[in-house]
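Before any comments, here is the structure.
The values are calculated or read from the model by the stated rules, or taken from the named source; none is laboratory data. Just so it is clear, the structure is predicted and the values come from calculations on it, not from any experiment. Note that each Cβ is placed from the backbone with ideal geometry, even for glycine, and that neighbours are counted across all protein chains shown. With ligands, DNA and RNA removed, areas are computed over all heavy atoms of the protein, side chains included. Shrake-Rupley method; radii C 1.70, N 1.55, O 1.52, S 1.80 Å.
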Amino acid sequence: MPADEVEGPQEVSLIDESGKERRFRLHDAFDLEGKTYYVMEAFEDPDEVLLLRESEGALQTVEEDEFERVMKALDDDEVE
């Protein structure tokens, strides 16, 4: 089945900074201001939600001012 026909969150595995593999559900991926962002929910703890930014082939956690700005743009439907 093509990716654009997949419904619901997709499960992905990521390696954290300590080398531990963790499972997440990918809820959304979008572009904003030339950057790609991902909204992820921890598989083991649904209360843990991350906003990640793709940078140089890696994913980085988005925090503080950038987090607030990107989430507002997402809420206001200003993302691609």
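Our analysis of region 13-59 gives Rg over Rh at 0.98, with the two radii drawn from alpha carbon positions and Rh computed by the Kirkwood formula.
Considering the options 18, 46, 74, tell which one lies farthest towards the positive end of the dipole of the chain, charges being +1 on Lys and Arg and -1 on Asp and Glu at the Cβ, about the Cα centre. Ranked along the dipole, the leading option is 18.
When you restrict to C-alpha pairs under 8 Å that are six or more residues apart and normalise by the size of the chain, the relative contact order lands at 18 percent.
The length gained by stretching the chain between residue 76 and residue 41 to full extension, at 0.36 nm per residue less their Cα-Cα distance, is 10.5 nm. Applying 0.36 nm per residue to the separation of residue 10 and residue 31 and subtracting their alpha-carbon distance, the gain on full extension is 5.8 nm.
For the chain, with all protein chains in place and a probe radius of 1.4 Å, 43% of the accessible heavy-atom surface sits on carbon or sulfur. When the dipole is taken about the Cα centre of the chain, and only Lys, Arg (+1) and Asp, Glu (-1) are charged at their Cβ, what size is it in debye, to the nearest 20? Computed about the Cα centre, the dipole is about 340 debye. Translational diffusion coefficient of the chain (Stokes-Einstein, Kirkwood radius from Cα pairs, 37 °C, 0.692 mPa s): 243 µm²/s. Ligands, DNA and RNA are left out, and with a 1.4 angstrom probe the accessible area of the chain is 74 Å² per residue. Residue 45 sits with roughly 70 Å² accessible to a 1.4 Å probe, with DNA, RNA and ligands left out of the calculation.
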